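In what follows, a single structure is set out as structure tokens and then discussed.
The values are calculated or read from the model by the stated rules, or taken from the named source; none is laboratory data. Only a predicted model underlies this, so the values are computations on that prediction, with no experimental measurement involved. Here the Cβ is made from the backbone with ideal geometry for all residues, glycine too, and neighbour counts use every protein chain on show.
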Amino acid sequence: MVFNSIVFLFIFLPIVILGHIALHKHTRAANVWLLLSSFVFYGWCNLRILLFLWIFGVFHYIIGCLLQKSEAHQSFKKGIMIFGVVADLVCLFSVKYINYAISLGNRLLGTDVSPVENLIFPLGISFLCFSMVAYFVDIYRKKTTAFTNVIDFFLFLSFFPKVSQGPITRHGLMYDAICSGRTVSVQTFADGFRRFVIGLGKKVLIADVLGGSVDLIFDNLSGGVTVGTAWMGILCYTLQIYYDFSGYTDMAIGIGNMLGFTLPENFRLPYLSKSVSEFWRRWHMTLGEWFKEYVYFPMGGSRKGLARTILNLAVVWMFTGLWHGASTNYVLWGVYFGCFVILEKLVANTRVYKAIPTAFKWLGTLFVVMMGWVVFRSPDLLTAQVYFNNLISTTDTMIYGFGYYFDNAVYLAVAAGILFTLPRPACFSSDKSLVGAKAMARDVCLVIILLLSILFMMNSTYNSFIYFQF
């Protein structure tokens, strides 16, 4: 089940919210209700992945309890933590990367090992494993306390707004709300609903509209596209992936607010960044924080000299690419951004770099990011090469012109997409200071967005979120 479906919007979510309103004064009952709802959400299309979630959860609950109860035996506690972390990484590798490793081994060694068939690919496996690694390490470091109640733990693990695409949430952020109860005021609920509507509009009215043109261009690359079409296409994808993923995050945070939870922010106007490093502090922030806290800092961060810092950054960015998928494209995409982050680290304090006008830094960063999205979107390196060629020159075998790929709806979506990469207008703010006519104008805009989103959902084919695959 996904947020941008009629079943979720008109059946599942209203039932969950009404049930939670009825039970929210009784924390245990409310937690059971949300847990059962999350199980329905997770296992909606495939009950086998729900069975996986139960086994996965029991294992992590036991490890968490063992960590909590082994305070007096530090060596044993460290061994349990390492065992849990390694088990998570093995699980992630077995599910997500085993066939990629087999394929890579066959190419390098000339072998002919058959891929593993009928693999179960659990929903949000990358997010689940990273969340649980953080859970184990934070308990070991005494930064937080393990859940002792199995229902509370499973609710944290499978809470449906975040289970499939994050944001990656440290359990300390949800611990009090789960264990001690939560209060949902009218203001909090209204703010959450507004945030949800904004996210739905981002996904349905911008990302999905642009995605149709992007898919059409990539499907017809072999027939050739014009230089203008190629550039317009990557601009569309640059906006699509932002509004797709940040739209999901807005909806997740909004649902969390409506149910009394606070989930972490994941985006902060990334396309205004003036360096690649800044971009990655603004894009998928919870993933960047996870790598910094649990990989970069344990390796020494920037405390062991320049050479070690470069090595640490290279490792982090290689794994950042690999986290996104079992593909050479993703690895090279991670290495590509890692090279720019390292380069910026080397030149950041030089007079030449400081003298570059801010506008040029912004344009250069945007160009680097857009070129990275070409590799990210392409199914393989050959497709990426063809696309880069089309950015420079038009092939003689071109079948369709510019107008075939873009219509007025796409132009409107591009215009809206560019506009809303800027700081959010007041009419879309949930700021409590907005009163009277300003608050009414904001809510009228949001009602229009909601109605248009529903209309688009009912008249278009299903479009999954891009990060759903991760």
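Of (1) over 25 Å from His171 (Cα atoms); (2) not in a loop (DSSP other than H, G, I, E, B), Phe319 satisfies all except one. Which?
It fails just one condition, (1).
Among the residues of the range 246-257, is any of a type in the set (Phe, Trp, Tyr) and under 19 Å from Thr365 (Cα atoms)?
No, every residue in the range 246-257 fails to be of a type in the set (Phe, Trp, Tyr) and under 19 Å from Thr365 (Cα atoms).
Based on this model, can you work out whether Leu343 counts as part of a helix (DSSP H, G or I), surrounded by fewer than 18 Cβ atoms within 10 Å (Cβ to Cβ), assigned by TED's automatic domain parsing to the domain that holds Glu289 and out of contact with any Gly (no Cβ under 9 Å at 6 or more places or on another chain)?
Yes; evaluated as a whole, the condition is true for this residue.
So the check is Cβ under 7 Å with 6+ separation or different chains; which pairs have a first residue in the range 437-460 that's in the same structural domain as Gly247 (by TED's automatic domain parsing) and surrounded by 12 or more Cβ atoms within 10 Å (Cβ to Cβ) and a second one that's modelled with pLDDT under 85 and not aromatic (Phe, Trp, Tyr)?
Short answer, once both residue conditions are applied: Lys438/Ala426; Ala441/Cys427; Arg442/Cys427; Arg442/Ser429; Arg442/Leu434; Cys445/Cys427.
Taking the stated definitions as given, is Thr328 closer than 24 Å to Cys236 by Cα and of a type in the set (Ser, Thr, Tyr)?
Here the answer is yes, as Thr328 does meet what is asked.
For the range 284-324, enumerate the residues that are among the hydrophobic types (A, V, I, L, M, F, W, C) and under 13 Å from Ile342 (Cβ atoms).
Of everything in the range 284-324, those that are among the hydrophobic types (A, V, I, L, M, F, W, C) and under 13 Å from Ile342 (Cβ atoms) turn out to be Leu306, Ala307, Ile310, Leu311, Leu313, Ala314, Val315, Val316, Trp317, Met318.
Out of the range 392-420, which residues are assigned to a helix (DSSP H, G or I) and either closer than 17 Å to Leu332 by Cβ or within 28 Å of the chain's Cα centre (by Cα) (or both)?
Tyr405, Ala409, Val410, Tyr411, Leu412, Ala413, Val414, Ala415, Ala416, Gly417, Ile418, Leu419
All but one of (1) within 24 Å of Tyr42 (Cα to Cα); (2) in contact with a helix residue (DSSP H, G or I) (Cβ under 7 Å, 6 or more places away or on another chain); (3) surrounded by fewer than 14 Cβ atoms within 10 Å (Cβ to Cβ) hold for Asp112, so report the exception by its number.
(1)
Could you tell me whether Val85 is part of a helix (DSSP H, G or I), assigned by TED's automatic domain parsing to the domain that holds Ile49 and in contact (Cβ under 8 Å) with a residue 60 or more places away in the chain?
Judged against the criteria, Val85 is not a match.
Being closer than 17 Å to Glu265 by Cα, of a type in the set (A, V, I, L, M), surrounded by 16 or more Cβ atoms within 10 Å (Cβ to Cβ) and modelled with pLDDT under 95 narrows it down to one of Val197, Val163, so name that one.
The unique qualifying residue is Val163.
Quick one: would you say Phe52 is assigned to a helix (DSSP H, G or I) and in contact with a Phe, Trp or Tyr (Cβ under 6 Å, 6 or more places away or on another chain)?
Against the criterion (assigned to a helix (DSSP H, G or I) and in contact with a Phe, Trp or Tyr (Cβ under 6 Å, 6 or more places away or on another chain)), Phe52 does not qualify.
Going by what's in this entry, would Ala190 be described as aliphatic (A, V, I, L, M) and either under 20 Å from the mean Cα position of the chain (by Cα) or crowded, with 18+ Cβ neighbours inside 10 Å (or both)?
no
Mind telling me which of the residues Ala177, Ala207 ends up being surrounded by 23 or more Cβ atoms within 10 Å (Cβ to Cβ), touching a residue at least 12 places away in the same chain (Cβ under 8 Å) and in a helix (DSSP H, G or I)?
Ala207
Kindly check whether there is at least one residue in the range 349-356 that is assigned to a loop (DSSP other than H, G, I, E, B), among the hydroxyl-bearing types (Ser, Thr, Tyr) and modelled with pLDDT under 90.
The answer is no; no qualifying residue exists.
Give Gly43, Gly64, Gly57, Gly79 a once-over and let me know the one that is over 21 Å from His171 (Cα atoms) and surrounded by 17 or more Cβ atoms within 10 Å (Cβ to Cβ).
Being over 21 Å from His171 (Cα atoms) and surrounded by 17 or more Cβ atoms within 10 Å (Cβ to Cβ) holds for just one of Gly43, Gly64, Gly57, Gly79, which is Gly43.
For (1) of a type in the set (A, V, I, L, M); (2) touching a strand residue (DSSP E or B) at 6+ places or on another chain (Cβ under 6 Å); (3) part of a helix (DSSP H, G or I); (4) not assigned by TED's automatic domain parsing to the domain that holds Phe83, each residue gets a yes or a no:
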{"site": "Ala134", "(1), (2), (3), (4)": "yes, no, yes, no"}
{"site": "Val137", "(1), (2), (3), (4)": "yes, no, yes, no"}
{"site": "Phe147", "(1), (2), (3), (4)": "no, no, no, no"}
{"site": "Leu157", "(1), (2), (3), (4)": "yes, no, yes, no"}
{"site": "Lys162", "(1), (2), (3), (4)": "no, no, no, no"}
{"site": "Gly166", "(1), (2), (3), (4)": "no, no, no, no"}
{"site": "Leu173", "(1), (2), (3), (4)": "yes, no, yes, no"}
{"site": "Phe193", "(1), (2), (3), (4)": "no, no, yes, yes"}
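Return yes or no: is Phe367 out of contact with any helix residue (DSSP H, G or I) (no Cβ under 7 Å at 6 or more places or on another chain), at pLDDT 95 or above and among the hydrophobic types (A, V, I, L, M, F, W, C)?
yes
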